[in-house]
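Can you read through this structure? Questions will come right after.
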Amino acid sequence: MQVAIITGAGSGIGLATAKALYGMGMAIVGVGRDPGKLATLGREIDDPGRLATLSVDIATDEAPQAIVNLALARFGRIDFLINNAGIGKPKPLHETDDATLDHFLGIMLRAPFRLARDVIVHMQPGSAIINVTSTYAVVGGRRGGAYSAAKGGLTALTLHIACDYGAQGIRANCVAPGVTLTDMVR
């Protein structure tokens, strides 16, 4: 059975992804900050044999190893990493202070980088890392600021992973959805 780690799995695109991959027969390691949202995932996928959840702030130093340890302890392998967690409410460049910049980069660039780094050493040929970026990383967007910078960095990271690890049979791709009607967007 293949195993997928999904960050931001308690709602929106992450929840939909978890349900779709579960429907394809995969085991899911759902990660999110909000235990209430992860409980929604647990209700949607009521199968303790194929679902493990972890409530953790992915930006903390301990998070990547805790996620990897859970996946390996429960399922013994990692086939897919979907770096989906994100935050909204971007501001224009001139209104973005350093704390906001660090917060956006921490969740949407630093955390995916660190998690991919810790996961990739456990992946076999046929595995993949999927980074959920944004059209803001490709064509920009009004008020994008730190959000656009983080998603653009994640796009560049994906290209690096594809170049360095593709020959080992580990794929890396971006999915750059446009505006998707999720709770965060509302």
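State all residues of region 81-107 that are β-branched (Val, Ile, Thr), crowded, with 19+ Cβ neighbours inside 10 Å and within 18 Å of Thr60 (Cβ to Cβ); if no residue qualifies, say none.
If the condition is that a residue be β-branched (Val, Ile, Thr), crowded, with 19+ Cβ neighbours inside 10 Å and within 18 Å of Thr60 (Cβ to Cβ), then Ile107 is the only one that fits.
Related question: Select from region 22-37 the residues that are under 18 Å from the mean Cα position of the chain (by Cα), closer than 29 Å to Phe104 by Cβ and in a helix (DSSP H, G or I) and list them in ascending order.
Result: Pro35, Lys37.
Restricting to region 1-21, give me the number of residues that are farther than 20 Å from Val68 by Cβ, open to solvent by less than 60 Å² (accessible area, probe 1.4 Å) and not small (Gly, Ala, Ser).
Total satisfying the criteria: 2.
Could you please give the count of residues in region 116-161 that are farther than 24 Å from Leu93 by Cα, among the small types (Gly, Ala, Ser) and either modelled with pLDDT under 95 or outside any loop (DSSP other than H, G, I, E, B) (or both)?
The qualifying residues number 2.
Okay, next question. Any chance region 21-41 includes a residue that's without any contact (Cβ under 8 Å) to a residue 12 or more places away in the chain and basic (Lys, Arg)?
No; the residues of region 21-41 include none that is without any contact (Cβ under 8 Å) to a residue 12 or more places away in the chain and basic (Lys, Arg).
Right, another one. Step by step: first the residues of region 108-131, then only those that are touching a Gly at 6+ places or on another chain (Cβ under 7 Å) and buried (at least 16 other Cβ atoms within 10 Å of the Cβ), then the one that is farthest from Cys163 (Cα to Cα). Which residue is that?
Checked region 108-131; the qualifying residue farthest from Cys163 (Cα to Cα) is Met108.
Looking only at region 38-60, decide whether some residue is closer than 19 Å to Met108 by Cβ, part of a strand (DSSP E or B) and in contact with a Ser or Thr (Cβ under 7 Å, 6 or more places away or on another chain).
no
Residue by residue through region 57-75, note down the ones that are surrounded by fewer than 18 Cβ atoms within 10 Å (Cβ to Cβ) and not small (Gly, Ala, Ser).
Asp57, Thr60, Asp61, Glu62, Gln65, Asn69, Leu70, Leu72, Arg74
At pLDDT 95 or above, basic (Lys, Arg) and in a loop (DSSP other than H, G, I, E, B) - does that describe any residue in region 68-80?
Yes: region 68-80 contains one or more residues that are at pLDDT 95 or above, basic (Lys, Arg) and in a loop (DSSP other than H, G, I, E, B).
The values are calculated or read from the model by the stated rules, or taken from the named source; none is laboratory data. All values derive from a computational prediction rather than experimental measurement. Backbone-built Cβ (ideal geometry, glycine too); neighbour counts: all protein chains shown. Accessible surface is based on the protein model in full, side chains and every heavy atom, while ligands, DNA and RNA are left aside. Shrake-Rupley method; radii C 1.70, N 1.55, O 1.52, S 1.80 Å.
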